[in-house]
Amino acid sequence: MKKRTLVGLAAAAVASALVLSGCSQGSANTAGSDNKGKSITMWVIGADTPKELRDYLKKEFTKKTGAELKIEEQTWGDIVTKLTTSLPDKNNTPDVTEIGNTQSPTFTNVGAFLDVSDIYDELGGKNLLQSFVDAGKVDGKNYTLPYYFGSRYMFMRKDIWSAAGQQVPKTLDEFNAAVKTIAEKNPKGIKNFSGFYLGGQDWRDGVSWIFANGGDIAQLKDGKWKATLDSPESLKGLQQLQEIYRTASKAPNDAKDANQYQFLNDSDEVKDEAGQVTQNLSLSAATIMAPGWAHWSIGDLKKDDKGEPTRVWNDTTFGTFVLPGNDGKPAPVFAGGSNIGISAATKEPALAKDLMRIIFSKEYQEMLGKNGLGPANQEYTSSLGDDQFAKALVESASNSKLTPAAPGWASIEAKNIMEEFFSQIRDSNDLEKLAKDTNAKLDALLNQK
């Protein structure tokens, strides 16, 4: 079963080693020139880019340029460290690299990527997912662009919602009330049952309530990022979250946004990296919020043709819907996914741009969609298909948001400041003070390069 980790995992501090000198832009297109013997390297992170797509890029790149494309897979766990040491090194830099969308601002703000503003329109321009474009932009110039997106939406137990007398909500207030009622009624009489399972440290899902009420984590004011968790709009979202934590969710206070889908299944298992079962689980939630790929892990437990256990979605038991905002339109949700850019230290900027042209071509964008990855160019989202999962992905992404495009955001994630903040919401007696105290922590790091 294919599981996709679509959230950029910004981690270690990115230091002054990434303050790079710019490279020449290269010619507009190298097709037809003598590139025999030349090669460039592309880094992808994890297994999200399947072999079929990698093979296509290699073949098309050689066909169009005569040069060779080498693709190397990196891991999310150490990608920031590897980029920090490799990007400035002209002899070891990846010419083109995938990067988590929340990592992008830190690297672009220290000059790690080549300015691609000259080919921005050619690669899709205004049709590209703009929240991701903004994450890769500095001073009006484009450095990284969206590679693929995955958005979050709601997965539900239809049978439990129905037994509790609840219908799919049309507004955020209706959702908040419904999950509280489901937890109170608990139709199956399950101990510690959640109407909505929301981990105490799950800020990537919980931040939607701040966004939906017009709040933000931080805003750019007079050229500097300033934390805004104490704004009236943000505080309204925090009050709603506190109510959910206290009345609708029984999730542990240290739980993050990992594998929530397991709590919708009648039974499930937690396994370690060696495949050994470390915990047995049973149904304990009526609703979860997760990236679209989670549907592969939700359903009735069956065996495939090889006798291996697999999940088969059952429309009678399970359902999906997009979290509604206060106005009934999709609530702003945190979008997972990746950006992609050209290293400022590349020795082959023209060839790297040719690779970008292939990546942003209609053919490759549609290949992304057919493999369940939201294509960067919104003209090609129909390639995702027309089932309920594709529709929910596109609809929820239509109003998606990212973390602040601040140079210090990687340090904030490395210090788990948002996890610490969210873990205190449930038991806080003074949300405004908690927000202001967290603002101070954020302000100390937001503008650091």
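The values are calculated or read from the model by the stated rules, or taken from the named source; none is laboratory data. Note that the coordinates shown come from a computational prediction; the quantities given were computed from them, not determined experimentally. Reconstructed Cβ throughout: ideal geometry from the backbone, glycine too, with neighbour counts over all protein chains shown. Side chains included, ligands, DNA and RNA excluded: accessible areas come from the protein's heavy atoms. Shrake-Rupley method; radii C 1.70, N 1.55, O 1.52, S 1.80 Å.
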Task: Given the chain, longest segment not containing exposed loop GluC sites (Glu not before Pro) (DSSP; at most 16 other Cβ within 10 Å) - done: 274-449
TODO: Mind putting a number on the dipole of segment 304-401 about its Cα centre? Charges go on the C-beta only, +1 for Lys and Arg and -1 for Asp and Glu, and I need it in Debye to the nearest 20.
DONE: 420 debye
- [ ] Give a residue-ordered list of calculated ³J(HN,Hα) values for segment 283-289 (Karplus: 6.51 cos²θ - 1.76 cosθ + 1.60, θ = phi - 60°; whole Hz; x for Gly, Pro).
- [x] 3, 8, 8, 8, 8, 9, 10
Open item on the list: Cross-link candidates for Lys126: which lysines have Cα within less than 16 Å, leaving aside residues fewer than 8 places away along the same chain?
Closed with: Lys137, Lys141, Lys362
Task: Cut-off under 5 Å, modelled amide H: who pairs with Phe318 long-range - done: Lys158
Open item on the list: As an exercise, identify the trypsin sites (Lys or Arg not before Pro) in segment 127-235 lying in DSSP coil whose Cβ has no more than 14 other Cβ atoms within 10 Å.
Closed with: Lys170, Lys188, Lys191
- [ ] For segment 347-353, just list the computed ³J(HN,Hα) in residue order, Karplus coefficients 6.51, -1.76 and 1.60, θ = phi - 60°, integers in Hz, with x standing in for Gly and Pro.
- [x] 8, 10, x, 5, 5, 4, 5
Open item on the list: Can you list residues from other chains, or at least 5 along the same chain, whose modelled amide H is less than 5 Å from the amide H of Glu269?
Closed with: Leu281
Open item on the list: Using only Cα atoms and rounding to the nearest 10 degrees, what angle (0 to 90) does helix 203-212 make with the longest principal axis of the chain?
Closed with: 80 degrees
Task: Amide hydrogen neighbours beyond the local backbone of Lys449, cut-off 5 Å, H modeled - done: none
Task: Karplus-derived 3J(HN,Hα), 6.51/-1.76/1.60, for each residue of segment 131-141, Hz, glycine and proline x - done: 5, 6, 4, 4, 5, x, 10, 9, 6, x, 10
TODO: Could you point to the residue in Phe61, Leu87, Ala47 farthest towards the positive end of segment 43-91's charge dipole, with +1 and -1 charges on the Cβ of Lys/Arg and Asp/Glu respectively?
DONE: Phe61
Open item on the list: Could you tell me how far the Cα centroid of segment 235-257 sits from the Cα centroid of segment 286-345, in Å?
Closed with: 21 Å
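With only Lys, Arg, Asp and Glu charged, each at its Cβ (+1 for the first two, -1 for the last two), find how big the charge dipole of segment 272-322 is about the Cα centre; round to the nearest 20 debye. Kindly include the intermediate steps, with their values, before the conclusion.
Numbers: 4 positive and 7 negative charges, 24 e Å.
Charge dipole of segment 272-322: 120 debye, to the nearest 20.
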- [ ] Just the number, please: carbon plus sulfur as a percent of the accessible area of the chain, 1.4 Å probe, no ligands or DNA/RNA counted.
- [x] 46 percent
Open item on the list: Only Cα pairs within less than 10 Å get springs; with that Gaussian network setup on the chain, which residue of Asp304, Asp115, Asp254 has the largest fluctuation?
Closed with: Asp304
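Treating only the Cβ of Lys, Arg, Asp and Glu as charged (+1, +1, -1, -1), what charge dipole size does segment 360-449 show about its Cα centre? Round to the nearest 20 debye.
Values: 10 positive and 14 negative charges, 50 e Å.
I would put it at about 240 debye.
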- [ ] Return a single number: how many Lys pairs in segment 189-276, at a sequence separation of 8 or more or on separate chains, have alpha-carbon atoms below 29 angstrom apart.
- [x] 11
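Hey, can you find the accessible area per residue of the chain for me, probe 1.4 Å, expressed in square angstrom? Walk me through the numbers before you get to the answer.
Values: 18750 Å² over 449 residues.
Here the per-residue accessible area is 42 Å².
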- [ ] With springs only between Cα atoms under 10 Å apart, run a GNM on the chain and tell me which of Ser411, Ser117, Ser428 wobbles the most.
- [x] Ser428
- [ ] Please determine, in degrees from 0 to 90 and to the nearest 10, the orientation of helix 172-185 with respect to the longest principal axis defined by the Cα atoms of the chain, where the helix direction is its Cα long axis.
- [x] 50 degrees
